[in-house]
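Heads up: the structure comes next, in structure tokens.
The values are calculated or read from the model by the stated rules, or taken from the named source; none is laboratory data. All values reported here derive from a predicted model rather than from experimental measurement. Counting neighbours? That spans all protein chains shown, and the Cβs are built from the backbone with ideal geometry, glycine included. Please note that ligands, DNA and RNA were not included when accessible areas were found on the heavy atoms of the full protein model with its side chains. Shrake-Rupley method; radii C 1.70, N 1.55, O 1.52, S 1.80 Å.
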Amino acid sequence: MAQSHASDAAHHDDHHDQPATGIKRWLFATNHKDIGTMYLVFSLIMFFIGGAMAMLIRAELFQPGLQLMQPEFFNQLTTNHALVMIFGAVMPAFVGLANWMVPLQVGAPDMALPRMNNFSFWILPFAFTLLLGTFFVPGGAAAGGWTLYPPLSLQTGDSFPMLIFAIHMMGISSIMGAINVIVTIMNMRAPGMTLLKMPLFAWSWLITAYLLIAVMPVLAGSVTMLLTDHFFKTSFFNAAGGGDPIMFEHIFWFFGHPEVYIMILPAFGIISEILPTFSRKPLFGATSMIYAIASIAFLSFIVWGHHMFADGMPVAAQLFYMMSTMLIAVPTGVKVFNWTATMWRGSLSFEPPMLFAIAFLFLFSIGGFSGLMLAIVPADFQYNQTYFVVAHFHYVLVPGAIFGIMAGVYYWLPKWTGHMYSMALAKTHFWLSAIFINVLFFPQHFLGLAGMPRRIPDYAVQFTDWNMVSSIGGFAFGLSQVLFAIVIVQCIRGGKKASAKVWEGTNPTGLEWTLPSPAPYHSFSTAPEIH
Amino acid sequence: MDVAFTCAVSQLLDGPGNSLSVNGTRTLETSMKRRVRNGALGLAALAAVFYFGFIALLVYRSHH
Amino acid sequence: MSVIRGDHDDSTSRPRAIAWARALCLATLGWAAQAEANTSDGYNLPVGVTSLSRDIYTLHMEVFWICVAIAVAVFGVMIYALVKFRHSQGAIPDTTLVHSTKVEIIWTIIPVAILVVMAIPAAKVILMMEDTRNSELSIRVTGYQWKWEYQYMDAGEGIDFFSTLSRDSNYARQLHSGIDPNTVPNYLLDVDKPMVIPSGTKVRLLLTSQDVIHAWWVPDFGAKRSAVPGFVNELWFKVDPGKEGIYRGQCTSLCGRDHGFMPVVVDVRTPDDFKKWVDEQKAASKQAAAQGEQPPPTALVLSK
């Protein structure tokens, strides 16, 4: 794809070209690389906090009976595990990657709106302090599920307004981040970088950003109405006052389904960068990949009803949502086939980013298959709200979104730090993660089909065995992630010098590889030439 | 003020004379500044429409 | 490894090691289809005891096998590529292989065709599920935090009772209770008073709730629906004659602290036995009324 001759920024000897020192560098950061780093570090911390909650959940579910906690606290854990992982770990990680890589990939000196960029990051620590602080107020944290369905969510204690305010802040942060990505891509591309020449990661983020702008306000609107129902005697969702609790579900999932794709499309982009590099061969059907992402984004707006089949729905609506949901399999299939064709007749080597990308291909597909099964309405009545659903969305989100993020981090980390990381340690991290993710989540398919509902702290004794297996897988998976942190810290502190191309002997394309490693603090102050 | 920041920020400040050229780096066109600003405002307006639109939809629905 | 379900169940007593080995074996071989019993075998959906649950099971297995077939094909190609085109084995990349309109059209159209094949039988079952006409017995089911109320209509008019977690389970499930759940019969799946229905009869449930959203589910009936405050959802099932027994399920919609502790238990009896039960209930409530007891409160249900 794009090639550049002018990697001029490295040769600047201008003293203004250095980062500020100390805390000021981070508090007043306007540099896309600094902000990207802060997003990524924040997301890693949240990944471990959300992960710790998951460990507690799996510990309680290790055997039947209540051993560790009251049911109410269990519900607080499941609710906040989801909120922290979605809004604290996955989304900020993608925004961090966008901050680092979008300007480098399109040849821009920085994001278009650097001060807004600073603001959108610095909202997050406050939002999550507020959210995690809800564990310490009377009544405890929210326990009604991350989906916040009323009337249950309205029974939340003192933490309710804190929760709503935290969600508003996360939403504002996401919207500002999305606006920044769109205006950067639309206006700051280097001359000659046409949209169709743009790398797939930037493309996937452009589409994701539009999804964010369309749906984050819808979530904000729905929780605002929860707030007024709770404190100001409105009856948007209160049946006794003429409202409709199911209407909340409609609005929530109108946000919620595109949100699912917000968490997977950038991963699609990352995988589309990594597979060609380590297959030493260009991406197969690059244009159809872009159309596939756009179709998935469009379809994501018309499938939300499939979350609510069991809540009572006219036959026509059931049929419509079943068909539209199944249709998503078509562009998703195109993507998987194109990725496979990219590897076909390539020359594959298995560095850590490639390993994660391959695991993504297999395991995300399994999540896709269970998704297809869930679309079949009559069968969905049996699967709905069971561990089958838990298995499904964790297969899509962990080996999908999170493996995608890890693949991206392992791909670009040497470019960021200038050092190669320990390949042996990273591969160990990969194999432990790839094995134990399956030990953790595959048995949950069986549990769901055998009749175990989700969101329960205790279960009937026939579910014991698979829960034990799942918990053991969970502890091992959780522990393996410490390796990820170790690899990153080691790589920041030192290691073998990385070359500009980083992955020597492979086929990395894109402007980021024309810059030296580590990428200079200011890059592309003069636009690169694209051929 | 550092280079890339100047380049990027100058797009926000409207009016002539703000297209800074520091140390021979790229000069940004005024039209681009306008496009960035209008783009950002347009997208923010779109977000606001979704936010208030959905609330308005439900207010309307609860009265009819 | 067994089952939500009670009476004719011998598998709970089977040594765990054998169940384990069997489950693992079947799982590895992808034999999840081989369910013989009506109820779940611990790793697959139950075939169940109603026509709907059987239809659902058939659909589920059909789609499952289609997915397995696609997975074998796609994963097979991927694995072949991973083995065959290794850089370490000196594979030379074919950098001209970047685009082919023909194959891209083919692999767009084939999935569409497969989806149509899946959607048609599914649509038929949907139409059947939603046809609640000509029901012979209607029962109003109301969810509360955290119990169910069953109010009979038609032949059972006047019967109205609550169904809550059985005392044994309730003691054992307390934090640090010291009671091993394995010693409690039907731990968490037993109630003080189950819903009683006749077999071979089309039963219609009218579901609603008094507080938050609950969901009523009996896997063996293929019947799950949310109970939403202020609204009424309908569902129906007809248990095959000869399949009388106790069937168990749980609330499946998070409904607060004790969401995991409000089971659904249905006692299916022959129509004759059901009639006897109805007469007993009516006699008992008459006696209670004669003694001046308050009748049970009737749930307020707004219509849709």
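Among the residues of the stretch C:99-115 satisfying the criterion of being surrounded by 16 or more Cβ atoms within 10 Å (Cβ to Cβ) and not aromatic (Phe, Trp, Tyr), which is farthest from the other protein chains (Cβ to nearest Cβ)? Step through it out loud before you land on a result.
Filtering the stretch C:99-115 down to residues surrounded by 16 or more Cβ atoms within 10 Å (Cβ to Cβ) leaves C:99, C:104, C:107-108, C:111, C:114-115.
Remaining after also requiring not aromatic (Phe, Trp, Tyr): C:99, C:104, C:108, C:111, C:114-115.
Details: C:99: 6, C:104: 5, C:108: 6, C:111: 5, C:114: 8, C:115: 5 Å.
Selected residue: C:114.
Given the criterion away from chain B (no Cβ under 14 Å), polar (S, T, N, Q) and without any contact (Cβ under 8 Å) to a residue 24 or more places away in the chain, identify the matching residue among A:63, A:67. Quick ask: steps written out before the conclusion?
Numbers: A:63 fails: without any contact (Cβ under 8 Å) to a residue 24 or more places away in the chain.
Sole residue among the options that is away from chain B (no Cβ under 14 Å), polar (S, T, N, Q) and without any contact (Cβ under 8 Å) to a residue 24 or more places away in the chain: A:67.
Going by the conditions given, is residue C:79 assigned to a helix (DSSP H, G or I), open to solvent by 30 Å² or more (accessible area, probe 1.4 Å) and not assigned by TED's automatic domain parsing to the domain that holds residue C:224? Even if it seems obvious, please write down each step before you answer.
Values: assigned to a helix (DSSP H, G or I): yes; open to solvent by 30 Å² or more (accessible area, probe 1.4 Å): yes; not assigned by TED's automatic domain parsing to the domain that holds residue C:224: yes.
Yes; evaluated as a whole, the condition is true for this residue.
From the list A:366, A:376, pick out the single residue that is at the interface with another protein chain (Cβ under 8 Å from one of its Cβ atoms) and buried (at least 24 other Cβ atoms within 10 Å of the Cβ).
Numbers: A:366 fails: buried (at least 24 other Cβ atoms within 10 Å of the Cβ).
Answer to the selection: A:376.
Could you tell me whether the stretch C:39-54 includes any residue that is at the interface with chain A (Cβ under 7 Å from one of its Cβ atoms) and either touching a strand residue (DSSP E or B) at 6+ places or on another chain (Cβ under 9 Å) or in a helix (DSSP H, G or I) (or both)? Give the derivation first.
Start the filter on the stretch C:39-54 by keeping residues that are at the interface with chain A (Cβ under 7 Å from one of its Cβ atoms), which leaves C:40, C:42-45.
So of that shortlist, the ones also either touching a strand residue (DSSP E or B) at 6+ places or on another chain (Cβ under 9 Å) or in a helix (DSSP H, G or I) (or both) come out as none.
Taking every residue of the stretch C:39-54 in turn, none turns out to be at the interface with chain A (Cβ under 7 Å from one of its Cβ atoms) and either touching a strand residue (DSSP E or B) at 6+ places or on another chain (Cβ under 9 Å) or in a helix (DSSP H, G or I) (or both).
So residue C:129 fits all but one of (1) facing chain A (nearest Cβ under 9 Å); (2) open to solvent by 30 Å² or more (accessible area, probe 1.4 Å); (3) touching a residue at least 24 places away in the same chain (Cβ under 8 Å); (4) among the aliphatic types (A, V, I, L, M); what number is the exception?
(2)
Can you name every residue in the stretch A:152-179 that is within 14 Å of chain C (Cβ to nearest Cβ) and either farther than 24 Å from residue A:229 by Cβ or open to solvent by 40 Å² or more (accessible area, probe 1.4 Å) (or both)?
Scanning the stretch A:152-179 gives A:154, A:155.
Just checking, does the stretch A:459-469 include any residue being surrounded by 19 or more Cβ atoms within 10 Å (Cβ to Cβ), in a helix (DSSP H, G or I) and more than 13 Å from chain C (Cβ to nearest Cβ)?
no
Please specify each residue of the stretch A:312-337 satisfying the condition of being over 16 Å from residue A:373 (Cα atoms) and open to solvent by less than 10 Å² (accessible area, probe 1.4 Å).
Across the stretch A:312-337, the qualifying residue is only A:335.
Name every residue in the stretch A:180-198 that is touching a residue at least 60 places away in the same chain (Cβ under 8 Å) and either touching a strand residue (DSSP E or B) at 6+ places or on another chain (Cβ under 6 Å) or open to solvent by 10 Å² or more (accessible area, probe 1.4 Å) (or both), in order of residue number. Break it down stepwise before answering.
If we filter the stretch A:180-198 for residues that are touching a residue at least 60 places away in the same chain (Cβ under 8 Å), which is where we start, we get A:180-181, A:183-185, A:187-193, A:196-198.
Answer for the stretch A:180-198, where residues must be touching a residue at least 60 places away in the same chain (Cβ under 8 Å) and either touching a strand residue (DSSP E or B) at 6+ places or on another chain (Cβ under 6 Å) or open to solvent by 10 Å² or more (accessible area, probe 1.4 Å) (or both): A:187, A:189, A:191, A:192, A:196, A:197.
Right, residue A:223: part of a helix (DSSP H, G or I) and either modelled with pLDDT under 95 or touching an Asp or Glu at 6+ places or on another chain (Cβ under 7 Å) (or both) or not?
On the way: part of a helix (DSSP H, G or I): yes; either modelled with pLDDT under 95 or touching an Asp or Glu at 6+ places or on another chain (Cβ under 7 Å) (or both): no.
Against the criterion (part of a helix (DSSP H, G or I) and either modelled with pLDDT under 95 or touching an Asp or Glu at 6+ places or on another chain (Cβ under 7 Å) (or both)), residue A:223 does not qualify.
Going residue by residue through the stretch A:102-116, is there one that turns out to be surrounded by fewer than 20 Cβ atoms within 10 Å (Cβ to Cβ) and either in contact (Cβ under 8 Å) with a residue 24 or more places away in the chain or hydrophobic (A, V, I, L, M, F, W, C) (or both)? Even if it seems obvious, please write down each step before you answer.
Of all residues in the stretch A:102-116, those surrounded by fewer than 20 Cβ atoms within 10 Å (Cβ to Cβ) come to A:115-116.
Next, from what is left, pick out any that are either in contact (Cβ under 8 Å) with a residue 24 or more places away in the chain or hydrophobic (A, V, I, L, M, F, W, C) (or both): A:115-116.
Yes: one or more hits.
Please verify whether residue B:44 is modelled with pLDDT of 80 or more and assigned to a helix (DSSP H, G or I), treating the condition exactly as stated. So that I can check it myself, show each step before the final result.
Details: modelled with pLDDT of 80 or more: yes; assigned to a helix (DSSP H, G or I): yes.
The answer is yes for residue B:44.
Checking the structure you have, find out if any residue of the stretch C:145-165 is without any contact (Cβ under 8 Å) to a residue 24 or more places away in the chain, assigned to a helix (DSSP H, G or I), open to solvent by less than 70 Å² (accessible area, probe 1.4 Å) and not hydroxyl-bearing (Ser, Thr, Tyr).
Looking through the stretch C:145-165, none of the residues is without any contact (Cβ under 8 Å) to a residue 24 or more places away in the chain, assigned to a helix (DSSP H, G or I), open to solvent by less than 70 Å² (accessible area, probe 1.4 Å) and not hydroxyl-bearing (Ser, Thr, Tyr).
With respect to residue A:59, determine if the residue is surrounded by fewer than 20 Cβ atoms within 10 Å (Cβ to Cβ) and within 14 Å of the chain's Cα centre (by Cα).
Here the answer is no, as residue A:59 does not meet what is asked.
Being closer than 25 Å to residue A:108 by Cα and within 14 Å of chain B (Cβ to nearest Cβ) is true for just one of A:511, A:515. Which residue is that? Steps first, answer last, please.
On the way: A:511 fails: within 14 Å of chain B (Cβ to nearest Cβ).
Result: A:515 is the single residue among A:511, A:515 that is closer than 25 Å to residue A:108 by Cα and within 14 Å of chain B (Cβ to nearest Cβ).
Has the stretch A:340-352 got any residue that is open to solvent by 20 Å² or more (accessible area, probe 1.4 Å), on the phi > 0 side of the Ramachandran plot and touching a strand residue (DSSP E or B) at 6+ places or on another chain (Cβ under 8 Å)?
Initially, the stretch A:340-352 is screened for residues open to solvent by 20 Å² or more (accessible area, probe 1.4 Å), giving A:344-345, A:350-351.
From the residues that got through so far, the ones that are on the phi > 0 side of the Ramachandran plot too are A:345.
Checking the rest, the ones that are also touching a strand residue (DSSP E or B) at 6+ places or on another chain (Cβ under 8 Å) come to none.
Checked against the condition, which is being open to solvent by 20 Å² or more (accessible area, probe 1.4 Å), on the phi > 0 side of the Ramachandran plot and touching a strand residue (DSSP E or B) at 6+ places or on another chain (Cβ under 8 Å), the stretch A:340-352 yields no hits at all.
Of the residues that sit in the stretch A:285-306 and are in contact with a His (Cβ under 7 Å, 6 or more places away or on another chain) and of a type outside the set (Gly, Ala, Ser), which one is farthest from residue C:212 (Cα to Cα)?
Applying the filter and picking the extreme gives A:303.
May I ask you to verify whether residue C:66 is without any contact (Cβ under 8 Å) to a residue 60 or more places away in the chain and exposed (fewer than 15 other Cβ atoms within 10 Å of the Cβ)? Reasoning before the result, please.
Values: without any contact (Cβ under 8 Å) to a residue 60 or more places away in the chain: yes; exposed (fewer than 15 other Cβ atoms within 10 Å of the Cβ): no.
For residue C:66, the condition - without any contact (Cβ under 8 Å) to a residue 60 or more places away in the chain and exposed (fewer than 15 other Cβ atoms within 10 Å of the Cβ) - is not met.
Does residue A:100 count as within 25 Å of the chain's Cα centre (by Cα), assigned to a helix (DSSP H, G or I) and at pLDDT below 95? First the steps, then the outcome.
On the way: within 25 Å of the chain's Cα centre (by Cα): yes; assigned to a helix (DSSP H, G or I): yes; at pLDDT below 95: no.
No: the conditions fail for residue A:100.
Where residues in the stretch A:259-288 are open to solvent by less than 10 Å² (accessible area, probe 1.4 Å) and of a type in the set (D, E, K, R), which of them is nearest to the other protein chains (Cβ to nearest Cβ)?
Looking at residues that are open to solvent by less than 10 Å² (accessible area, probe 1.4 Å) and of a type in the set (D, E, K, R), I get A:281.
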